[in-house]
Amino acid sequence: MRRPRRSRRKSRRLRVIRLWSYPDAVRAVPYLSRVLGSVREHWLTMQRHRVNIDRLGHHKADRATLIHIQDAERDSHRATENFRDSLRELRKIDVFLLDPVQGIAFIPFQRDEELAWMIYDRFDERGLIGWRWHKDTLETCRPLTELETSPPASSNFSLEA
């Protein structure tokens, strides 16, 4: 008797995400600004330490340089952990980071039984700058005025992770 073959491809896990309403997203803008500010700062710190490690690696390997490299690696590890903690904070509330430096994040919602995303920009004074369908290109940004009159949708949606 033959065993059934297992697929060699990794199976994709299904993840249920919270869908936001437009009013909830507007209320969350101050919080998102703080969290994305932390994400950005930790990302930049992490990159600065990586550059420092690379620069130190090109120096003569004397005792002082080795100590500086070890210190820089410890600082880099700490900055990476801080970045991951900030990123986890976003994932807990089902907000998805697109660009840590520019402060762009996507907030999921449902419109006409389809998955869509509100676009958050940390450096725009309004915070929320537009929305896009899930199938749109990343550059697409539709006006938020269309969302201000839409009825609330269900609160969960499934994504393949």
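The set of residues from the stretch 34-49 being surrounded by 15 or more Cβ atoms within 10 Å (Cβ to Cβ) and out of contact with any helix residue (DSSP H, G or I) (no Cβ under 6 Å at 6 or more places or on another chain) comprises Leu36, Arg40, Glu41, Gln47.
This table checks each residue for (1) within 24 Å of the chain's Cα centre (by Cα); (2) farther than 19 Å from Arg132 by Cβ; (3) not hydrophobic (A, V, I, L, M, F, W, C).
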site	(1), (2), (3)
Trp43	yes, yes, no
Gln47	yes, yes, yes
Phe83	yes, yes, no
Leu87	yes, yes, no
Val101	yes, yes, no
Gln110	yes, no, yes
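Sub-7 Å Cβ pairs linking a first residue in the stretch 42-53 that is closer than 14 Å to Arg84 by Cβ to a second residue that is aromatic (Phe, Trp, Tyr) and assigned to a helix (DSSP H, G or I), at least 6 apart or interchain, are His42/Phe83; Trp43/Phe83; Met46/Phe83, ordered by first then second residue.
Only a single item in (1) surrounded by 14 or more Cβ atoms within 10 Å (Cβ to Cβ); (2) in a helix (DSSP H, G or I); (3) not charged (D, E, K, R) is not met by Tyr120, and it is number (2). Of the residues examined, Ile107 is one that is closer than 24 Å to Glu139 by Cα and at pLDDT 95 or above. Counting only residues that are of a type in the set (Ser, Thr, Tyr) and not in a helix (DSSP H, G or I), the stretch 14-55 holds 1 of them.
Would you confirm whether any residue within the stretch 140-150 is loosely packed, with under 13 Cβ neighbours inside 10 Å, in contact with a strand residue (DSSP E or B) (Cβ under 9 Å, 6 or more places away or on another chain) and not aliphatic (A, V, I, L, M)? Yes: the stretch 140-150 contains one or more residues that are loosely packed, with under 13 Cβ neighbours inside 10 Å, in contact with a strand residue (DSSP E or B) (Cβ under 9 Å, 6 or more places away or on another chain) and not aliphatic (A, V, I, L, M). Report yes if some residue within the stretch 61-79 is in a helix (DSSP H, G or I), in contact with a Ser or Thr (Cβ under 8 Å, 6 or more places away or on another chain) and within 30 Å of Gly103 (Cβ to Cβ); otherwise report no. So far as the stretch 61-79 goes, yes, one or more of its residues are in a helix (DSSP H, G or I), in contact with a Ser or Thr (Cβ under 8 Å, 6 or more places away or on another chain) and within 30 Å of Gly103 (Cβ to Cβ). Restricting Leu56, Leu66 to residues that are out of contact with any His (no Cβ under 7 Å at 6 or more places or on another chain), modelled with pLDDT under 85 and either exposed (fewer than 11 other Cβ atoms within 10 Å of the Cβ) or over 30 Å from Arg111 (Cα atoms) (or both) narrows the list to Leu66.
Taking the stretch 54-84 as the range and being of a type outside the set (Phe, Trp, Tyr), within 30 Å of Arg34 (Cα to Cα) and in contact (Cβ under 8 Å) with a residue 12 or more places away in the chain as the test, the residues that pass are Ala72, Glu73, Asp75, Ser76, Ala79, Thr80, Asn82.
The values are calculated or read from the model by the stated rules, or taken from the named source; none is laboratory data. This is a predicted model, so every value here is computed, not measured. Here the Cβ is made from the backbone with ideal geometry for all residues, glycine too, and neighbour counts use every protein chain on show.
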